[in-house]
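The values are calculated or read from the model by the stated rules, or taken from the named source; none is laboratory data. These figures come from a predicted structure and were not determined experimentally. When we count neighbours, we look across all protein chains shown, and the Cβ atoms used for this are built from the backbone with ideal geometry, even at glycine. These accessible areas exclude ligands, DNA and RNA; they are computed on the full protein's heavy atoms, side chains included. Shrake-Rupley method; radii C 1.70, N 1.55, O 1.52, S 1.80 Å.
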Amino acid sequence: MKVQLENIYNSAKADIENAKNIADLDEIRLKYLSRKGEFNNIKKGLKDLSDEDKRTVGAFANKISEDLEFLIKEKHDIFYSKEMDEKLQKDRIDITLSGKQVPMGKVHPLTQTTNEIVTIFQNLGFSVADPILSPEVETEYYNFDMLNVPKDHPARDVQDTFYSSIANNVVLRSQTSGAQIHIMENKKPPIKIIAPGRVYRNENINARKNNFFHQIEGLYVDKDITFGDLKGVLNEFIRLYFGASRPTRFRSSFFPFTEPSAEVDVQCIMCQGKGCRTCSGTGWLEILGCGMVDVNVLRGVGIDPDVYTGFAFGMGVERLAMLKYAIDDIRLFFNNDKRFLEQF
Ligand code: DAH
């Protein structure tokens with residue numbers, strides 16, 4: 001029996017030496033050392049031996065099966081690290097190669113312009129209104145009534161304003177000025193705030209007009225606010241936004257919610273003031289309306305006009321972007337042409 005065991009041991013050892021890979025070793029383990037393997041077959045014969053022989057042959061059988069386990073493991077480790085090296089070699093990546101370009105989206109030029117304007121006003125001490133105080137869907141009450149707009153004012157006409165079918169007093173706001181009312185209803189002076197947002201008008205679309213566009217409303221109410229403060233703030237804004245060299249003018253105007261009222265024009269950048277299609281031949285483009293908040297508006301929201309005064313303005317974001325970047329057609333902002341958008 002001992003000889004039999006030795007023979008099995010020797011042939012197993014030879015098999016291990018000849019093994020070429022891990023799969024061969026797995027087969028060898030199965031052939032010799034598994035429950036149905038050759039060693040176990042022999043060990044079954046142990047029960048017919050004397051007690052003395054059982055002990056010595058049993059111990060011998062255990063020892064050589066342990067030796068074989070060891071040899072298999074040793075060879076397995078060699079194969080394993082060799083296979084691992086080959087795999088790493090094959091899958092090697094060059095981390096110094098330049099990567100694939102992933103195209104990045106960009107911030108829309110109107111959003112960029114809005115952000116820039118907002119930052120300038122924040123630096124001048126204005127805060128930004130909570131959007132809940134500046135809704136795009138308004139009632140006539142906020143869009144017109146509280147802004148002192150007479151019932152028969154042409155701006156209320158369906159030719160100019162989009163009315164909703166929800167109820168006959170619900171409109172898509174035609175101006176951000178309604179935010180002034182929401183703000184003053186919610187906060188006592190001093191108030192120094194801006195409200196950016198989208199407005200809608202029932203317009204025939206052309207190079208200068210779209211049926212929706214963007215405004216930034218501003219409101220400053222405190223004791224002793226004067227028209228001088230209004231001019232100072234707006235001139236400083238223009239200087240910071242355009243740089244010092246851009247010709248501008250204040251022109252007196254009329255709005256129902258301000259008294260006195262004015263508009264600010266900036267020289268047309270497309271024609272340098274000579275007159276062209278974009279400025280309809282005038283050489284100037286209007287960028288904002290402004291004025292001292294009308295006493296009727298202040299009284300309407302419960303602010304005493306004998307104690308407080310204020311100024312307000314509403315500027316057109318598209319116009320400001322067109323004048324800065326020499327964009328001659330407002331429709332470019334909304335056509336989603338990547339050749340245009342990628343330039344910003
Ligand atoms: N809401 C006006 C418009 O859309 C612009 C405007 C004028 C806003 C005077 C104001 C203001 O706040 O005081 O044409």
Exercise. Find the relative contact order for the chain and round it to a whole percent, using C-alpha pairs within less than 8 Å whose residues are 6+ positions apart.
Key: 14 percent
Exercise. Rank these by accessible area, largest first, 1.4 Å probe: MET1, MET184.
Key: MET1, MET184
Self-check item: DSSP beta bridges in the chain [antiparallel fraction, %, rounded to 5]
Solution: 95 percent
Quiz item: Lone cysteines in the chain, going by a 4.7 Å Cβ-Cβ cut-off?
Solution: CYS290
Quiz item: Quick one: ranking LEU88, LEU172 by accessible area, 1.4 Å probe, largest first, what do you get?
Solution: LEU88, LEU172
Quiz item: Roughly how much of ASP152 is accessible, in Å² to the nearest 10, using a 1.4 Å probe?
Solution: 130 Å²
Exercise. Heads up, I need the accessible area for ILE78: 1.4 angstrom probe, whole protein in place, Å², nearest 10.
Key: 100 Å²
Exercise. Add +1 for every Lys or Arg and -1 for every Asp or Glu among the other residues with Cβ under 15 Å from the Cβ of PHE213, and state the total.
Key: 0
Quiz item: With each pseudo-label sitting 7 Å past Cα toward Cβ, what's the THR282-GLU17 distance in nm, one decimal?
Solution: 10.4 nm
Practice problem: Could you compute the FRET efficiency for LYS82 and ASN115, with r as their C-beta to C-beta distance and R0 at 45 Å, rounded to 0.05? | Solution: 0.15
Self-check item: Extension gain, SER50 back to ARG35 (0.36 nm per residue minus Cα-Cα distance, nm)
Solution: 3.0 nm
Quiz item: For LYS47, which lysines qualify as cross-link partners when the Cα separation must be under 22 Å and same-chain residues fewer than eight apart are set aside?
Solution: LYS2, LYS36, LYS63
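Please report the net charge: other residues with Cβ closer than 12 Å to the Cβ of VAL297, K and R +1, D and E -1. Numbers along the way, then the final one.
Values: positive: ARG299; negative: ASP145, GLU185, GLU259, ASP294.
Value of the local net charge: -3.
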Quiz item: Looking at the stretch 188-296, which GluC sites (Glu not before Pro) are DSSP coil and have at most 14 other C-beta atoms within 10 Å of their C-beta?
Solution: GLU203
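Would you mind getting the accessible area per residue of the chain, heavy atoms of the protein chains only, 1.4 Å probe, in Å²? Before the final figure, lay out the partial values.
Values: 19540 Å² over 344 residues.
Here the residues of the chain average 57 Å² of exposed surface.
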Quiz item: So how strong a dipole does the chain carry about its Cα centre when Lys and Arg Cβ are +1 and Asp and Glu Cβ are -1, to the nearest 20 debye?
Solution: 640 debye
Quiz item: Given the Cα-Cα distance of ASN336 and SER164 and 0.36 nm per residue of separation, how much length would full extension add, in nm?
Solution: 59.2 nm
Self-check item: With every protein chain in place, the chain: carbon and sulfur % of accessible area (1.4 Å)
Solution: 51 percent
Exercise. Pop out the ³J(HN,Hα) list for the stretch 327-344 in order, Karplus 6.51 cos²θ - 1.76 cosθ + 1.60 with θ = phi - 60°, rounded to Hz; leave Gly and Pro as x.
Key: 9, 9, 8, 4, 5, 4, 5, 10, 7, 6, 7, 4, 4, 6, 5, 5, 6, 9
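Using 0.36 nm per residue of separation minus the Cα-Cα distance, give me the extension gain between ASP94 and ASN206 in nm, one decimal. Don't skip to the answer; put the middle values down first.
Values: separation 112, 0.36 × 112 = 40.32 nm, distance 5.48 nm.
The span from ASP94 to ASN206 would gain 34.8 nm if fully extended.
What ranking of LYS338, LYS223, LYS90, LYS75 comes out by heavy-atom accessible area, probe 1.4 Å, highest first?
Values: LYS338 135, LYS223 115, LYS90 165, LYS75 45 Å².
Largest accessible area first, the residues go LYS90, LYS338, LYS223, LYS75.
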Self-check item: Total formal charge among the other residues, if their Cβ is under 11 angstrom from that of PRO109, Lys/Arg +1 and Asp/Glu -1
Solution: -1
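Is it possible to state the helix-based mean residue ellipticity at 222 nm for the chain, with each DSSP H run of 4+ residues giving -39500 (n - 2.57), the sum divided by total residues, to the nearest 500 deg cm²/dmol? What is it? Spell out each step's value before the answer.
Values: 11 runs with 139 residues, N = 344.
About -12500 deg cm²/dmol.
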Exercise. Please label the shape of the stretch 109-341 as rounded, prolate or oblate, based on the square roots a ≥ b ≥ c of the eigenvalues of the alpha-carbon gyration tensor (a/c under 1.5 means rounded; beyond that, a/b larger than b/c means prolate, else oblate).
Key: oblate
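Indicate the helices, whole DSSP H runs only, in the chain that combine a mean Kyte-Doolittle hydropathy of 1.0 or more with a Cα extent along their long axis of 15 angstrom or more. Don't jump to the answer; show the numbers that get you there.
Working: long enough: 2-18 (24 Å, -0.81); 22-33 (16 Å, 0.17); 51-90 (58 Å, -1.04); 109-123 (21 Å, -0.14); 227-242 (22 Å, 0.47).
Flagged H segments: there are none.
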Quiz item: Which residue, chosen from VAL264, ILE42, MET104, occupies the Cα position most advanced towards the positive end of the dipole of the chain, where the dipole is computed from +1 (Lys, Arg) and -1 (Asp, Glu) charges on Cβ about the Cα centre?
Solution: ILE42
